[in-house]
Amino acid sequence: MTTKTSTGARQGDHTHWGPARIAYRLRLNPATVHKVLTRYAAPPLSWTDPATGARLRAKPTARRYEHEAPGDLVHVDVKKLGRIPDGGGHRVHGRAKGNRIKKASKPGTAFIHNAVDDHSRLAYCEILTDERKETASAFWVRANAYFTACGITVKRVLTDNGSAYRSKDFAAALGEVTHKWTRPYRPQTNGKVERFNRTLEQEWAYARPYRSEAERVARVPRVPAHRQSPPRPHRTQGRLASRARTQPLWAQQLGRGSGLRDLRVGAR
């Protein structure tokens, strides 16, 4: 489904919402939304390509797991995004002209470091300039401090087998936190942060044409952001937002039970 503004303008052709997400936003029963989508022959999301929306064959059922408490496992990963040249890229000017602009300006790459709690899906992100061991280690120190401020004690961290995550610097940054690695060439093992990366692409990075990298960075949701936009529901959490599972911890830590959002982003 493509969301619209109050004036009817489209906000990104690659934002695909299922009945549960639509029902959460409209405060309707998911079964009612499902009936409407079925009436208009809308295919299930699992039958469509996430990037293009093209209809595909149904995918096999995924094997899912979830740890019992916040902090039992935090997924850490880096998402690379090509920076947008000043004036906009191919989504503003078309593929041919956009490629010429990109080749001439060489805007480079942005590295989005993500940490996602397995139980609550609470996420902390930073847009950084590289993925070297020093950068990854410093990011984890700040991410761990954020989770601690939310009342979450991290026990385990899951990363891929990149050189930064196998370095002594990252091991020192983890301290007593247990470090686990994904199976080689199996990103599905770190599926929650991979899904979060796709959410960032669909709902922020490629949600609309941007005319500069600064404009895109300025539209990243930040904390406290609960008054700016509604929290994102998760089907695996019974259509609850991340803060629904972390609020008791947050309230115990800060003496209040509101104000926590799904995403915290620090641009550096």
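For Tyr206, what accessible surface area do you get with a 1.4 Å probe? Give it in Å², rounded to 10.
80 Å²
Could I have the simple spin-label model distance between Ala20 and Tyr40, label points 7 Å from Cα toward Cβ, reported in nm to one decimal?
2.1 nm
Find the eigenvalues of the gyration tensor of the Cα atoms of the stretch 88-142, then list the square roots of 5 times those eigenvalues as equivalent ellipsoid semi-axes, largest first, in whole angstrom.
The three semi-axes for the stretch 88-142 are 32, 16, 6 Å.
Computing the accessible area with a 1.4 Å probe over protein heavy atoms, can you report the carbon and sulfur percentage for the stretch 44-178? Don't jump to the answer; show the numbers that get you there.
Working: 3740 of 7230 Å².
So the carbon and sulfur contribution to the accessible surface is 52 percent.
The values are calculated or read from the model by the stated rules, or taken from the named source; none is laboratory data. Only a predicted model underlies this, so the values are computations on that prediction, with no experimental measurement involved. FYI the Cβ positions are ideal-geometry reconstructions off the backbone, even for glycines, and counts take in every protein chain you see. SASA here: full protein model, heavy atoms, side chains in, ligands and nucleic acids out. Shrake-Rupley method; radii C 1.70, N 1.55, O 1.52, S 1.80 Å.
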